[in-house]
Amino acid sequence: MSQSEGEVLALPAPENREEETVGSDKVLDGLGQEESPDSTPAEQPDSGDQWDTDLEADELDRRDRLVSPTELYLVACRLTAVIPCSYVLRQLASTTLDLNEQSTLDLNHHGLGPLGAKALAITLLSDVQISNLELKDNYLLAEGTGYLMEMFKENFTIQSLRLDIGE
């Protein structure tokens, strides 16, 4: 086994998995044969320690990649082909600032419509900070209200919903 093949075995990149398998087969095939001077135990740097470090870094990266409600709303708008409402974005951002306070998401009189309600429902599926939702006079219709009701099957933190038509 040459020096460069040993380096291929030590690479942690996922695209080299086939090469790792091929290299380990060569090592297994060579067990019955006489050891070459290149295969000393001191030259085998793959003890597994570097793999543990890589996994720990991946876990930290996952924690840093938590999606904020505003990012989720933008994705939901893209999925439902709705133009994002800047007021909704500001309100979502302001409700996540204080985690200990029960928040009210006040979106009264913004004309979200049924598809806007769908984007909002997708956003609020996993939200655990909003306890009051006000959607007065938003032209939700039965379709938009249905999307919200589906959301309430998963979200148990919203305690009050106001849907009445404008005064």
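The values are calculated or read from the model by the stated rules, or taken from the named source; none is laboratory data. What you see is a predicted model; the values in this text were computed from it and never measured. Because the Cβ atoms are built from the backbone with ideal geometry, glycine has one as well, and the counts that use them run over all protein chains shown.
Quick rundown of the values:
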read-out	value
Number of positions in the range 72-98 that are modelled with pLDDT under 95 and charged (D, E, K, R)	2
Residue check for Asp127: surrounded by 16 or more Cβ atoms within 10 Å (Cβ to Cβ) and either acidic (Asp, Glu) or within 15 Å of Leu72 (Cβ to Cβ) (or both)	yes
Count - residues of the range 136-160 that are over 27 Å from the mean Cα position of the chain (by Cα) and outside any helix (DSSP H, G or I)	6
Tally, over the range 130-153, of residues that are touching a Ser or Thr at 6+ places or on another chain (Cβ under 7 Å) and surrounded by fewer than 19 Cβ atoms within 10 Å (Cβ to Cβ)	3
